[in-house]
1. State whether one or more residues within the range 160-172 are at positive phi and either charged (D, E, K, R) or not in a helix (DSSP H, G or I) (or both).
2. Please enumerate the residues belonging to the range 119-159 that are part of a helix (DSSP H, G or I) and touching a Phe, Trp or Tyr at 6+ places or on another chain (Cβ under 8 Å).
3. Among the numbered conditions (1) over 19 Å from the mean Cα position of the chain (by Cα); (2) among the small types (Gly, Ala, Ser); (3) on the phi < 0 side of the Ramachandran plot; (4) open to solvent by less than 10 Å² (accessible area, probe 1.4 Å), tell me where residue 176 comes up short.
4. Being assigned to a loop (DSSP other than H, G, I, E, B) and touching a Phe, Trp or Tyr at 6+ places or on another chain (Cβ under 8 Å) is the filter; apply it to the range 81-97 and report the residue that is most open to solvent (accessible area, probe 1.4 Å).
5. Could you give every pair whose Cβ atoms fall below 7 Å, whose first residue belongs to the range 139-151 and is open to solvent by 60 Å² or more (accessible area, probe 1.4 Å), and whose second residue is of a type in the set (Asp, Glu), counting only separations of at least 6 or pairs across chains?
6. Residues that are within 18 Å of residue 224 (Cβ to Cβ), open to solvent by less than 30 Å² (accessible area, probe 1.4 Å), assigned to a loop (DSSP other than H, G, I, E, B) and out of contact with any Lys or Arg (no Cβ under 6 Å at 6 or more places or on another chain): does the range 98-113 have at least one?
7. Scan 133, 137, 93, 112 and give me the residue that is under 24 Å from residue 44 (Cα atoms) and at pLDDT below 95.
8. Here is a list: 163, 208, 167, 187. Which entry is open to solvent by 10 Å² or more (accessible area, probe 1.4 Å), of a type outside the set (Phe, Trp, Tyr) and within 19 Å of residue 251 (Cα to Cα)?
Amino acid sequence: MDTILSSRDNPLIRQVRELLGSARARRENRLFAIEGARLCADAARSGAAVTAFLYTRRAAETYRSYWEPVAAAAQRRFEIPEALMKYAADTATPQGMLCVCAMLDNRPGLDTIEPHARYLALEDIQDPANLGTVIRTAEALGLSALLLSDGCCDPYNPKVLRGSMGGVFRLPLLPAGDLAHTAEILGRRGVRCFACVPQGGEDLRRAGLSAGAVCLIGNEGRGLRPETAAACTGRLTIPMGGRAESLNAAMAAGIVMWELCR
């Protein structure tokens, strides 16, 4: 039988709010919170460990096809009133489904990178919307994995989770630490690493990326760090006919990933 919660002071409600709002809380507890009917169902169907499931009666009726797999997977289930759901959630109009999940066991090490596979590496990406879009695109195109430098925003940020449309549950995410050092290590192992730069690189279309490579995309404002670009096998540039000096990081990443998988 499901437990009914009604108080804002309940420890679980406080935990949900903390997990939605704090990367530090997520790291320390090895937990993250997700909101929304489809996203909760994606987590459950992808094998994420759902430690707690909070829902409203309306959501259980309206989103039955999404509610059922989450309810089946959840270790604990709690029905809460609409007002409490709105208090706990981080969106203005919540759908009435919230999950607390254990962090995913989908972060393999750099030793799993293969010379003939296709990867994207991100350095210091700060905008959660950009990271979510890149994860969604990488998963949709079938990239082998995504490498994230220490300076990237938290992939369990609620905006990243929503933007990824469930991709974060399915795409392997590799912690890459200092990306310059990582590129040097991979280069010594025969893995081609290409720095994506706004000008001066080889035409992306002629790089032969389908043979396998790691392509590196830098921060939204400054691009790749000079030492990171210097550590790469080569440099690539997306040809542009207009007068814009550069593309949005997520858009550039999408074009590069298309070439990787073409």
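1. Narrowing the range 160-172 to residues at positive phi: 165-166.
Subsequent filtering for residues that are either charged (D, E, K, R) or not in a helix (DSSP H, G or I) (or both) retains 165-166.
Yes - at least one qualifying residue is present in the range 160-172.
2. 141
3. Condition (1) is where residue 176 drops out.
4. Filtering the range 81-97 down to residues assigned to a loop (DSSP other than H, G, I, E, B) leaves 81, 89-96.
Pick out the ones that are also touching a Phe, Trp or Tyr at 6+ places or on another chain (Cβ under 8 Å) and you get 95-96.
On the way: 95: 70, 96: 1 Å².
Checked the range 81-97; the qualifying residue most open to solvent (accessible area, probe 1.4 Å) is 95.
5. 150/178
6. No, the conditions are met nowhere in the range 98-113.
7. On the way: 133 fails: at pLDDT below 95; 137 fails: at pLDDT below 95; 112 fails: under 24 Å from residue 44 (Cα atoms).
Only one candidate passes the filter, namely 93.
8. Details: 208 fails: within 19 Å of residue 251 (Cα to Cα); 167 fails: open to solvent by 10 Å² or more (accessible area, probe 1.4 Å); 187 fails: within 19 Å of residue 251 (Cα to Cα).
Step by step, each of 163, 208, 167, 187 is checked, and only 163 is open to solvent by 10 Å² or more (accessible area, probe 1.4 Å), of a type outside the set (Phe, Trp, Tyr) and within 19 Å of residue 251 (Cα to Cα).
The values are calculated or read from the model by the stated rules, or taken from the named source; none is laboratory data. For clarity, every value in this text was computed on a predicted model and none was experimentally measured. Using ideal geometry, Cβ is built from the backbone for each residue, glycine included, and neighbour counts are taken over all protein chains shown. Note: areas computed on protein heavy atoms with side chains; ligands, DNA, RNA excluded. Shrake-Rupley method; radii C 1.70, N 1.55, O 1.52, S 1.80 Å.
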